[in-house]
Amino acid sequence: MLKHKEPPGRSPEGEIPGGRRDASMSRETHTARRTCVGCRSVRPHHELVRLVLAPDGEVVVDLGRRLPGRGAHVCPKSLCIEQAVRRNALERAFRRNVSAVQADDIVGSVCQRLEEKLSGLIGLGQRARQVISGSTALEEGLRRNEVHLLLLATDISADQRDRWISRYRPTARPWFAHFTKETMGALLGKGLRSAAGITNPNLARAVSRVASMIQGLEEERKGVRMHGNDAHL
Ligand SMILES: [Zn+2]
């Protein structure tokens with residue numbers, strides 16, 4: 001299960017403490033807004049997923065927003081994707097016929113690409129020495145206030161989880177649990193890993209965004225909303 005929470009009282013953009021965002025980033029955030037072709041809400045482009053139509057007629061998920069051709073943006077939500085398909089909004093956006101496209105397939109592709117992206121970011125961070133793991137190193141990182149996103153394995157004990165969270169809580173930064181100890185270790189090129197910390201604020205923000213999208217899709221699939229439980233710092 002994935003648990004992720006923006007700290008209370010912060011905007012979704014607020015993962016970097018102290019508002020240390022540079023001007024170019026703010027400008028981009030203000031200008032680059034797109035409309036979800038499902039629910040028609042206008043959002044910063046990084047909160048939406050871009051879909052493009054491949055030459056063979058397949059709808060492709062373009063998380064990097066770099067693929068050529070006309071794109072359609074959707075919220076990373078099954079409801080929006082279903083709505084877009086039902087209303088032929090993808091065909092209108094692509095200006096081409098989209099034959100027999102299934103909303104479920106698109107949702108599946110979005111999930112898969114987000115998972116790949118999440119794993120890729122963490123692997124990249126490890127290679128760039130922006131992820132610390134192992135109890136001693138992580139405790140030291142927390143003590144020095146270097147951890148901008150805490151990753152907890154899903155299969156650690158409640159006691160272990162609570163211990164990490166209580167040390168991390170004073171930062172008021174987000175944490176999430178998504179991978180098992182084994183997967184997390186494999187991503188980091190290590191043995192089993194119960195917890196890891198991302199030390200680079202930009203990477204932490206990128207991972208947070210992807211994690212939030214995955215969480216949204218998972219919650220939707222389960223039909224539950226996590227309110228007021230222990231995922232909230
Ligand atoms: Zn939407």
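The values are calculated or read from the model by the stated rules, or taken from the named source; none is laboratory data. Predicted model only: the values in this text are computed from it and were never measured. Ideal geometry is used to build each Cβ from the backbone, glycine not excepted, and the neighbour counts take in all protein chains shown.
In table form, for the structure just shown:
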quantity	calculated
Any hit, segment 8-31, residues being modelled with pLDDT of 90 or more and assigned to a helix (DSSP H, G or I)	no
Matching helices (runs of 4 or more DSSP H) fully within segment 92-201 where at least 3 residues are in contact (Cβ under 8 Å) with a residue 12 or more places away in the chain and over 20 Å from the mean Cα position of the chain (by Cα)	135-143, 158-168
Close pairs from segment 71-91: first outside the structural domain of Val42 (by TED's automatic domain parsing), partner near the ligand (Cβ under 9 Å from one of its atoms), Cβ under 9 Å, at least 6 apart	none
Enumeration of residues in segment 52-91 that are within 12 Å of the ligand (Cβ to nearest atom) and in a strand (DSSP E or B)	Ala72, His73, Val74
Some residue of segment 173-182 being modelled with pLDDT of 95 or more and either over 18 Å from Ser208 (Cα atoms) or not assigned by TED's automatic domain parsing to the domain that holds Ser208 (or both)	yes
